[in-house]
1. How charged is the neighbourhood of Gly187? Take every other residue with its Cβ under 13 Å from the Cβ of Gly187, and add Lys/Arg as +1 and Asp/Glu as -1.
2. If you average the C-alpha positions of segment 87-114 and of segment 142-195 separately, how far apart do those two centres end up, in angstrom?
3. Could you work out the mean projected area of the convex hull around the alpha carbons of the chain, in square nanometres to one decimal?
4. Taking springs between alpha-carbon atoms closer than 10 angstrom, which of Val32, Val55, Val180 fluctuates most in the Gaussian network model of the chain?
5. For segment 113-179, what value does the Rg/Rh ratio take when both radii are computed over Cα atoms and Rh is the Kirkwood radius, given to two decimals?
6. Using a 10 angstrom cutoff on alpha carbons, build the Gaussian network for the chain and name the most mobile of Leu42, Leu118, Leu176.
7. When only C-alpha pairs under 8 Å and at least 6 residues apart count, what is the relative contact order of the chain, in percent?
8. Loop-only check: which trypsin sites (Lys or Arg not before Pro) in segment 61-132 are DSSP coil with at most 10 other Cβ within 10 angstrom?
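Values in this text are rule-based calculations from the coordinates and carry no lab data. Because the structure is predicted, anything quoted here is derived from the model rather than measured. Positions of Cβ are backbone-derived with ideal geometry, glycine not excepted, and every protein chain shown enters the neighbour counts.
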Amino acid sequence: KRIAILVSGGGSNMVKLVDSMTGDHPGRPVLVASNDPHASGLTRAAERGVPVAAVDHKPFRGDRAAFESELRRHIDAAEPDVLCLAGFMRILTPSFIAAYEGRMLNIHPSLLPKYRGLHTHARALEAGDTEAGCTVHEVTAELDEGPILGQAHVPVEPGDTPDTLAARVLGMEHKLYPAVLRRFLEGRRTPLILT
Ligand code: GRF
């Protein structure tokens, strides 16, 4: 199966996904694309021999449709079977999502349905939560709403800051996303729970 991965920054999740797709894994990375031409994830992908593409969203200003049609030109040229959003920080329009519905995954750094949107770790700490984590879900038109495919739980430690909690969660993202992608490609839909 042909896997395209969308990143906006460092792409640490993308690296783990790409590095997991070896041997008998049903997936192969065919494209890493970014909305930021300077995203270091693009360099890390190219280092691994994965084709890359960048569409800077800034020149498009608020014209999401125009940005997305250019992005889709690159994505569709790679003919992916599955799209993985990995640290991709742009909101996608319902028509973009409709084009890939049922075959687009995202990783979100909270235990959805808690803390949709941004600043998830600060919000969990603010609420006094004793555990946090991350979620891989199918992408639907509602932000961070789609069917949950996997979750990983981490403890909140005394003295945690958003950064220390983010680092702990990110470590589990790197375990969860590759495992969930493989299960998804094998047609398994029961959520994977890691603790
Ligand atoms: C991180 O905050 C991660 O929790 C979220 O996206 C951000 C960047 O991830 N999924 P990455 O290193 O670019 O994969």
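1. Spelling it out: positives minus negatives among the neighbours equals +4.
2. Here the two parts' Cα centres lie 14 Å apart.
3. Mean projected area of the Cα convex hull: 10.6 nm².
4. Fluctuation is largest for Val55.
5. Taking Rg over the Kirkwood Rh, I get 0.97.
6. Between Leu42, Leu118, Leu176, it is Leu118 that shows the largest mean-square fluctuation.
7. For the chain, the relative contact order is 20 percent.
8. Numbers: sites: Arg61, Arg64, Arg72, Arg73, Arg90, Arg103, Lys114, Arg116, Arg123; in loops: Arg61, Arg90, Arg103, Lys114, Arg116.
Within segment 61-132, the qualifying trypsin sites (Lys or Arg not before Pro) (loop, at most 10 other Cβ atoms within 10 Å) are Arg61.
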